[in-house]
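A short worksheet on the structure shown next.
FYI, it's all coordinate maths here, none of it is from the lab. Since this is a predicted model, take the numbers as computed values, not measurements. FYI the Cβ positions are ideal-geometry reconstructions off the backbone, even for glycines, and counts take in every protein chain you see.
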Amino acid sequence: MEKKPIKRNENIVILSREHHTGLLFCWKIRQGLKKHTDTSRIQQFVAYFWDSHLASHFREEEELLFNKVNDDFCRKALQQHQDIRALINQVKDNVPTPELLTQLADSVDAHIRFEERELFPHLEKVLDEQELIRIGAALAESHTTPVHDNFQDEFWVK
């Protein structure tokens, strides 16, 4: 049985595209660990990705989506954001263990899959079209250039 791609409301598709970048983040961490990369190199990547991409992505989701609905789905997503922030801080504060990096990659991966498979379809039902249009306009205004990963140390390759 072939899986069909998820059809996302055009007003929040920007967030789904960023989720692809987040899944690549997880893949890169896992590849680095498979190659027995020094975890301090992966630590630098985690800090870069948080500062360059993930922190602002979380902030937008929280402000534009979760805080508007505030139901069990959104509370779960907010809790996952808090848990991921805590893991990011642990990674940034000390040279991380492979286990901590694996936990971070697994948590981000599971969170993205929750949002794509459960939360976003739910929000597309409970938010009215006018609200989705306002959200889409706010996202379009803050996303004038595409997200690029410019991290120089390609530890996941070497």
**Prompt:** Given charges of +1 on the Cβ of Lys and Arg and -1 on the Cβ of Asp and Glu, with all other atoms neutral, how large is the dipole of the range 18-112 about its Cα centre, in debye to the nearest 20?
**Reply:** 360
**Prompt:** Residue-wise, which Karplus ³J(HN,Hα) couplings in Hz belong to the range 51-67, taking 6.51 cos²θ - 1.76 cosθ + 1.60, θ = phi - 60°, and x for glycine or proline?
**Reply:** 5, 8, 9, 5, 4, 5, 4, 4, 4, 5, 4, 5, 6, 8, 10, 4, 6
**Request:** Sort the following peptides by mean Cβ neighbour count (other Cβ atoms within 10 Å, averaged over residues), highest first: 50-58, 121-129.
**Result:** 50-58, 121-129
**Item:** Rounded to 10°, Cα long-axis angle of helix 98-114 versus longest principal axis of the chain
**Value:** 10
**Asked** Given Lys35/Lys92; Lys7/Lys92; Lys35/Lys125; Lys35/Lys68; Lys7/Lys35, which pairs have Cα atoms separated by over 32 Å?
**Response** Lys7/Lys92; Lys35/Lys125; Lys35/Lys68; Lys7/Lys35
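Which order do the peptides 34-40, 86-92 take when ranked by the mean count of other beta-carbon atoms within 10 Å per residue, highest first?
86-92, 34-40
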**Asked** Alpha carbon centre of the range 7-43 versus the range 51-85: separation in Å?
**Response** 17
**Prompt:** With charges set only on the Cβ (+1 for Lys and Arg, -1 for Asp and Glu), what does the dipole of the range 50-158 come to about its Cα centre, in debye to the nearest 20?
**Reply:** 120
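Cα-Cα pairs above 18 Å in the range 13-142: how many percent?
Numbers: 4465 of 8385 pairs.
Value for the range 13-142: 53 percent of Cα pairs lie more than 18 Å apart.
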**Asked** To the nearest 500 deg cm²/dmol, what mean residue ellipticity at 222 nm is calculated for the chain from DSSP H runs of n ≥ 4 alone, each contributing -39,500 (n - 2.57), summed and divided by the residues?
**Response** -20500 deg cm²/dmol
**Prompt:** Cβ under 14 Å from Leu87's Cβ, Leu87 left aside: what net charge do those residues give with Lys, Arg +1 and Asp, Glu -1?
**Reply:** -3
